[in-house]
Each structure stands twice: as structure tokens, then as C-alpha cells.
1. Relative contact order for the stretch 1-50 using alpha-carbon pairs under 8 Å, separation at least 6, rounded to a whole percent?
2. Roughly to the nearest percent, how much of the accessible area of the chain is carbon and sulfur, given a 1.4 Å probe?
3. For Met32, what accessible area in Å² do you get when you roll a 1.4 Å probe over the heavy atoms of the protein chains, rounding to the nearest 10?
4. For a quick check of your reading of the filter: which trypsin sites (Lys or Arg not before Pro) in the stretch 52-130 sit in a DSSP loop and have no more than 16 other Cβ atoms within 10 Å?
5. Loop-only check: which trypsin sites (Lys or Arg not before Pro) in the stretch 1-35 are DSSP coil with at most 10 other Cβ within 10 angstrom?
6. Per residue, how much accessible area does the chain show when a 1.4 Å probe rolls over the protein heavy atoms, in square angstrom?
7. Using Cα pairs closer than 8 Å and at least 6 residues apart in sequence, work out the relative contact order for the chain, in percent.
8. For Leu68, Leu96, give me the order by solvent-accessible area with a 1.4 Å probe, most accessible first, ignoring ligands, DNA and RNA.
Amino acid sequence: MANFIRCKACGYVTGEGNIKDVCPACGVPAKMFEPFTDPVSEKRRMILGLHIHPIMVHFPQAFSITLLFLVFVSYFIPVKVASTLFDAILVISFLLPYFVILSIITGLLDGKIRFRKVTTPLLKKKIILGMLFLITSIAISFVAFSNQLLVMALPIYEILTMLTIVAVACSAGLGLIGGHLMEAKFPG
């Protein structure tokens, strides 16, 4: 079992002997570190330390923001350029639901490892918001691949714009809740 130390100023935890003169996170002198006993088992710490879910959620977040940007830009560019932009919208719209599904799966695993159950109040909120994000991402894909969009009909772009705004809002909400849970974990 590794010996841990924690910065009294910022709470950064690392293995003993891993710092030199200052805290790598906040820069205070090394004398600000104190011994720390991690309440999480070594196996769970190793799995949580991979940060699989926090890494995975960046894909749908980036895709939804990129889609919103591309759809918004498509209102203002010439038709010749819009067809290329539309191809990018199609590719991202196709991939988005799959990455949302992977994020949900890794989130459920992370919740189970972190809290031993996925029915805590904040995790329930994340599950509901994640399902709304998934439904929205499927709707985005459906609208993007509908034949009407190929002729670039304005009402379809307006629907796509509204859906991407909802997707970005879901993504932001999930990120805010997840940020609060980042360092929380059940001991043992």
C-alpha cells in the first residue's frame, strides 16, 4: 500500500516522494504537505484513476458544441460551401449517439465503482439528463439524415439548431453535476 501525502492548501494528493520543492497543483512550498490515508481501496483507486468516464464525456460534449457551431455557420455561408459543411454535420450527427451511449455506460460503471450504486440523488439526475441527451442526439441524427435536409430546407435547419442547443444544454448540465462528483467516492 502506497503512502500518500496531501497539500494542506489545495487538497492535491500524491504518493510520498513524488514532489520536489512545491506542490505541482498550486505551487505552495512542499512543507505544506501532510500525511494522508486514502479511504478508497487500492483496486478501486486504480480503476477510478484511469478516469475513463471523465475522458469519454468529452467526445459528446465536443460533438454537440461543434454541431451547434456548424449548423449556426451554415446560415451565413454560400450554398457551395454549405454542402461540404453539411457532410461534416452528417458525420458528427452519425457519431454523436454512439459516444453518448459510451458515456452513459462508462458513467454507470464509474458510479457503481465510486458509490457502489447508481441510485444516489445526483446520479439519478445525471441518468435522466443523460437519457435526454441520448434521445436528443438520436433526433439530431435522424433530422440530419432525413431526405428533406439534403435540399437544405430552412425549417429542417431550424429544427437541427434547436436540437443542438438542447444537446449542448444537456452536455453542460451533465458536466456541472459531474464536476461536483469528481472527487467524491464511497470509502472502502
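1. Working: 57 pairs, mean separation 18.8, N = 50.
In percent, rounded to a whole number, it is 38.
2. Working: 8070 of 11150 Å².
On the chain, the fraction of accessible area on carbon and sulfur atoms equals 72 percent.
3. 60
4. On the way: sites: Lys80, Lys112, Arg114, Arg116, Lys117, Lys124, Lys125, Lys126; in loops: Arg116, Lys117.
The qualifying sites are Arg116, Lys117.
5. Working: sites: Arg6, Lys8, Lys20, Lys31; in loops: Lys8, Lys20.
Loop-located and lightly packed - Lys20.
6. Working: 11150 Å² over 188 residues.
That works out to 59 Å² per residue.
7. Values: 185 pairs, mean separation 42.9, N = 188.
It rounds to 23 percent for the chain.
8. Details: Leu68 50, Leu96 0 Å².
Largest accessible area first, the residues go Leu68, Leu96.
The values are calculated or read from the model by the stated rules, or taken from the named source; none is laboratory data. As the structure is a prediction and not an experimental result, all values here were calculated from the model. Please note: Cβ atoms are built from the backbone with ideal geometry, for glycine as well, and neighbour counts cover all protein chains shown. Note: accessible area is taken over every heavy atom of the protein model, side chains too, but ligands, DNA and RNA are not part of it. Shrake-Rupley method; radii C 1.70, N 1.55, O 1.52, S 1.80 Å.
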